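The structure under discussion appears below in the form of structure tokens.
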Amino acid sequence: MIYNKKMETYINEISKINQITIDGSTSIRQGLNCNGEPYFYLEDNCWNLNENSKIKHSKEMLTQLEWSCNEIYISGSKDAKCLLQTALLRVKSIETILKAQYPLYSFDIILSIDNGTEFDVLPSITVRFYCIRDNDYYIAHNELEEFSQPILIKSIIS
């Protein structure tokens, strides 16, 4: 797991981070595009996708599709640390499912925090994942410090 210095501040404030257990409510499916290339999606997040969807997207566009469809938005608390514990639970669940069901593929799971200060709103966290194709990363791991938000990446390498 890698993260920028802004995320490190949050991580250091959470105790028992290694004791997080998985959440059984996440379901991840695999589909194939019209060229037989796989894509992965959260079952309940993409209303227009199912295992039989023969989409025309390939490579880079599949990654964009996954980035858009595989978004979990977590909010509802003024305490970003509380939200982070929930978000880390979702990251762990996604990681466990991807490793068990799709061991031949590599993935990045991205967690970012919007602390709400920019627009004076409640904090929120977004968790996303995508398949790494041809060693092409949606977010370059060596550029995390350039992000204004706290960000974390959990990589699953096959």
- Ranking THR9, THR63 from most to least accessible area with a 1.4 Å probe gives THR9, THR63
- Message: For the chain, what does the relative contact order come out to in percent, with C-alpha contacts under 8 Å and a separation of six or more?
- Response: 30 percent
- Query: Relative contact order (percent) for region 60-135, with alpha-carbon contacts under 8 angstrom and 6 or more residues of separation?
  - Reply: 44 percent
- Item | Dipole moment magnitude, nearest 20 debye, the chain about Cα centre, only Lys, Arg, Asp, Glu C-beta charged | 400 debye
- Query: What's the carbon and sulfur percent of the chain's accessible surface, probe 1.4 angstrom, rounded to a whole number?
  - Reply: 46 percent
- Message: Let me confirm the definition first: pairs of Lys residues in the chain, 8 or more apart or on different chains, C-alpha distance under 27 Å. How many are there?
- Response: 27
- For LEU122, the accessible surface traced by a 1.4 Å probe with all protein chains present amounts, in square angstrom to the nearest 10, to 90 Å²
- Kirkwood Rh in Å, taken over the chain so that all alpha-carbon pairs contribute: 16.3 Å
- If ligands, DNA and RNA are left out, what is the accessible area of PHE119 with a 1.4 Å probe, given in Å² to the nearest 10? 150 Å²
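What helices does the chain have that are whole DSSP H segments, at least 20 Å long along their own axis by Cα, and with mean Kyte-Doolittle hydropathy of -1.0 or more?
80-101
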- Query: If you roll a 1.4 Å probe over the heavy atoms of the protein chains, what accessible area per residue do you get for the chain, in Å²?
  - Reply: 57 Å²
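The values are calculated or read from the model by the stated rules, or taken from the named source; none is laboratory data. What you see is a predicted model; the values in this text were computed from it and never measured. Counting neighbours? That spans all protein chains shown, and the Cβs are built from the backbone with ideal geometry, glycine included. These area figures cover heavy atoms from the full protein model, side chains too; ligands, DNA and RNA do not enter into them. Shrake-Rupley method; radii C 1.70, N 1.55, O 1.52, S 1.80 Å.
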